[in-house]
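Everything below concerns the one structure shown next.
The values are calculated or read from the model by the stated rules, or taken from the named source; none is laboratory data. Since the structure is predicted, the reported quantities are computational estimates derived from the model, not experimental observations. Note that we place each Cβ from the backbone using ideal geometry, even for glycine, and neighbour counts take in every protein chain shown.
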Amino acid sequence: MRIGIIASTRDITSGGIIKVQPLDSNGQVADSTIDVVWLSMNVGAGQGIFSMPGVGTMVMFTRATEALGSLNNHLRNSDNPYEWVFIGALTSQNIQRRGESSISDDKNNADEGNDTQKDYLQRDPLVKNIIVDSGVPEAGLVYADNHLPQQDVWKHKCGHKYVMSHKITDKGRHDNSILFQTAIGKKVHIDDGPAETKMDRITITDEHQNRIIIRTGGDNPDSSTIHTIRNQDYTTEKGSQVMTIMPGASEKSLMRRDQLGAGNMEDFVAQADYRLTAEKNILRISHNGDIEERADTGSIAYNSTLAAISLEAATSITLTCGASTITMTPGTIAIHSPTVTISGSKAAIMSSSLDILSTTTLAGVTGTLNAHQHTGNLGAPTPII
């Protein structure tokens, strides 16, 4: 049984052969390498788990001549027979010979290479004349609370990692979660933390803190949040998009869209109708601007089937159709048109002064215009036609 350092993982056969530089009894690293067969707890027939340690990792391997000899015979591999088999990687790596490092002999000096790393350097744990530090991935987090290993970590040498936690921190906070994280910070965090800690949630986050949060507990349970620094686009190619607040929700339930920036808010329907329906009131408010409705090629119709239509303005109301207008102000009603026709079975015009300054036809009305004035035709009152 030997200990050595992985010198290369390059294998032209893609069969999991690693080249290891063995250590001698004096802790010296050999210049030559030994081919070692990789051993996995579950691999073969294109399936299983494969995670090769990187160059520089301290490993233990052993000679298994008889067992591997049978394999060589089976594979007819006499030119390059398997002889050594990998047992496992040791949780000590970054080997340095004594005298080649400025590391203090004081075991209480922590390695600050990682802002959470608190691995204590240990001298000569295995072989005389070498110095090693802990090779446990994320050791500062794994052993951070109560000095107990309360996390399972699978970390790639490039920085990708998979962390399963089940621990109580030294501050009493429960951490019961699974974390998938890339080297640059994209992550999926599934947390079963107690509701009172506000960590009972699923969070998807990128390195810029764009995120999706699904909350199970906390101050706002059974809710979700989508937060992006820039755009959000929703596209459905062949189906529908439906946003629904189910019946039975609280009276405080609200569906709202807020545009807090300086840009516009637009709704556009390219080939069909746009409908706005409510079982109760519909209220549209513009606090500091106008409200405009326009039909480029169609009509605009207002219809109240059971009640009234009311138009109210503080300064004026104007109805315009071509050259004809009706303008209402708080003190006057002005009708301007090339021809004005008033038709009805009865008509009552009551005014102390009535000026008719246009060609006016009162059709179907019997009566007399009293207290009125003709312009250019003085005489007795004219009967209504």
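When the criteria are applied in full, PHE61 fails the requirement of being over 12 Å from ALA89 (Cα atoms), under 49 Å from the mean Cα position of the chain (by Cα) and in contact (Cβ under 8 Å) with a residue 12 or more places away in the chain.
Checked against (1) within 30 Å of THR235 (Cα to Cα); (2) of a type in the set (Val, Ile, Thr); (3) surrounded by 10 or more Cβ atoms within 10 Å (Cβ to Cβ), ILE291 passes all but a single condition, namely (3). Of all residues in the stretch 1-16, those satisfying the criterion of being surrounded by 14 or more Cβ atoms within 10 Å (Cβ to Cβ), part of a strand (DSSP E or B) and not charged (D, E, K, R) are ILE3, GLY4, ILE5, ILE6, ALA7. Checked against the criterion of being out of contact with any helix residue (DSSP H, G or I) (no Cβ under 8 Å at 6 or more places or on another chain), without any contact (Cβ under 8 Å) to a residue 12 or more places away in the chain, among the β-branched types (Val, Ile, Thr) and farther than 24 Å from VAL340 by Cβ, the stretch 310-329 contains not a single residue that satisfies it.
Matching residues to (1) in a strand (DSSP E or B); (2) modelled with pLDDT under 75; (3) on the phi < 0 side of the Ramachandran plot; (4) in the same structural domain as VAL142 (by TED's automatic domain parsing):
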site	(1), (2), (3), (4)
ILE18	yes, no, yes, no
ASN26	no, no, yes, no
GLY54	no, no, yes, no
ALA67	no, yes, yes, no
GLU100	no, yes, yes, no
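When the test is whether a residue is touching a strand residue (DSSP E or B) at 6+ places or on another chain (Cβ under 9 Å), surrounded by 10 or more Cβ atoms within 10 Å (Cβ to Cβ) and not in a strand (DSSP E or B), ALA347 passes it. Hey, any hits in the stretch 124-141 for a residue that's outside any strand (DSSP E or B), at pLDDT 85 or above, touching a strand residue (DSSP E or B) at 6+ places or on another chain (Cβ under 8 Å) and not assigned by TED's automatic domain parsing to the domain that holds LEU23? No, the stretch 124-141 contains no residue that is outside any strand (DSSP E or B), at pLDDT 85 or above, touching a strand residue (DSSP E or B) at 6+ places or on another chain (Cβ under 8 Å) and not assigned by TED's automatic domain parsing to the domain that holds LEU23. For the stretch 22-41, taking the residues that are under 13 Å from PHE86 (Cα atoms) and in contact with a strand residue (DSSP E or B) (Cβ under 8 Å, 6 or more places away or on another chain), the one that is surrounded by the most Cβ atoms within 10 Å (Cβ to Cβ) is identified as VAL36.
Determine whether GLY217 is modelled with pLDDT under 85, over 27 Å from HIS160 (Cβ atoms) and assigned by TED's automatic domain parsing to the domain that holds LYS157. Spelling it out, GLY217 is indeed modelled with pLDDT under 85, over 27 Å from HIS160 (Cβ atoms) and assigned by TED's automatic domain parsing to the domain that holds LYS157. Of note, THR297 does not satisfy the criterion of being surrounded by 10 or more Cβ atoms within 10 Å (Cβ to Cβ) and at pLDDT 55 or above. Across the stretch 221-231, the qualifying residues are those that are over 9 Å from the mean Cα position of the chain (by Cα), of a type outside the set (Gly, Ala, Ser) and exposed (fewer than 12 other Cβ atoms within 10 Å of the Cβ), and the one among them that is modelled with the lowest pLDDT is ASP222.
Looking across ALA348, ALA334, ALA363, one residue alone is at pLDDT 90 or above and more than 30 Å from ASP258 (Cβ to Cβ). It is ALA334.
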